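The values are calculated or read from the model by the stated rules, or taken from the named source; none is laboratory data. What you see is a predicted model; the values in this text were computed from it and never measured. Neighbour counts are summed over all protein chains in view; Cβ atoms, including those assigned to glycine, are modelled from backbone coordinates with ideal geometry. For accessibility, only protein heavy atoms count, side chains too; no ligands or nucleic acids. Shrake-Rupley method; radii C 1.70, N 1.55, O 1.52, S 1.80 Å.
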Amino acid sequence: IIVHIEPGMEDNDRITFSGCSDEAPNADTGDLVVVLCLKKHPNFIRKHDNLLMVRKVSLSDALLINKFSFKHLDGRKIVVTPDPDYMITPNSVKIVKLEGMPRRGNPFEKGDLYIFFDIVFPKPTQLTPELKKALKSSIPSFNKDDDASNDDDEAFQVTTEESNIDLFENSKS
């Protein structure tokens, strides 16, 4: 039996071949049912006709908006040229219309491709004193009014440690 997979078919879609299962005397011949199981892809997540791609970008690429390319599922090289007036911020998402999966029944129509940007910040060891000084002089501080001087006798000095937002969200009263 040859199974034809239509473009746009999804996980758990079924293809039924009527009367093609085992035969037995004095019994109706059953159906052969093929159930599709989509293989996970390392770069794309599918949701119906749409695709999601997580794109890791460096902090400098997020700030300077560099174009990038990737190999699409059909083998094409796609070059993404962001809007020059747009800055990638943490958890930002962009959409590329009609670059998702083909729609079942009409492979010429496609869903959309969503690109989720994951900004990879530099490691502390990569920030030299010269680079820190250059960043301070070229990127304005967000909290200019904060007075973080150590000479205030009434100020409490504290430190921080790594945590997870789930601890806050699951905290009890």
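Descriptive notes on the structure:
- Filter pass, G75 being out of contact with any strand residue (DSSP E or B) (no Cβ under 8 Å at 6 or more places or on another chain), under 30 Å from D11 (Cβ atoms) and free of Cβ contacts under 8 Å to residues at least 40 places away in the same chain: yes
- Of all the residues in the stretch 112-133, those that are surrounded by 12 or more Cβ atoms within 10 Å (Cβ to Cβ), within 25 Å of the chain's Cα centre (by Cα) and not in a strand (DSSP E or B) number 1.
- H48, sole failed condition from (1) open to solvent by less than 60 Å² (accessible area, probe 1.4 Å); (2) within 19 Å of the chain's Cα centre (by Cα); (3) not charged (D, E, K, R): (1)
Residue-wise test of (1) exposed (fewer than 13 other Cβ atoms within 10 Å of the Cβ); (2) at pLDDT below 90.
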| residue | (1), (2) |
| --- | --- |
| N12 | yes, no |
| P25 | yes, yes |
| K40 | yes, no |
| S58 | no, yes |
| K67 | yes, yes |
| L73 | no, no |
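- Test: residue in the stretch 82-89 that is open to solvent by 80 Å² or more (accessible area, probe 1.4 Å), out of contact with any Leu (no Cβ under 6 Å at 6 or more places or on another chain), assigned to a strand (DSSP E or B) and under 26 Å from S138 (Cβ atoms): no
- In the stretch 14-23, the residues that are part of a loop (DSSP other than H, G, I, E, B), open to solvent by 50 Å² or more (accessible area, probe 1.4 Å) and either among the hydroxyl-bearing types (S, T, Y) or out of contact with any Asp or Glu (no Cβ under 8 Å at 6 or more places or on another chain) (or both): S18, D22, E23
- Scanning the stretch 96-111 for residues that are on the phi < 0 side of the Ramachandran plot and either under 21 Å from the mean Cα position of the chain (by Cα) or surrounded by 15 or more Cβ atoms within 10 Å (Cβ to Cβ) (or both) yields V96, K97, E99, G100, M101, P102, R103, R104, K110, G111.
- Residue in the stretch 35-43 that is within 30 Å of D118 (Cα to Cα), touching a strand residue (DSSP E or B) at 6+ places or on another chain (Cβ under 8 Å) and assigned to a strand (DSSP E or B) present: no
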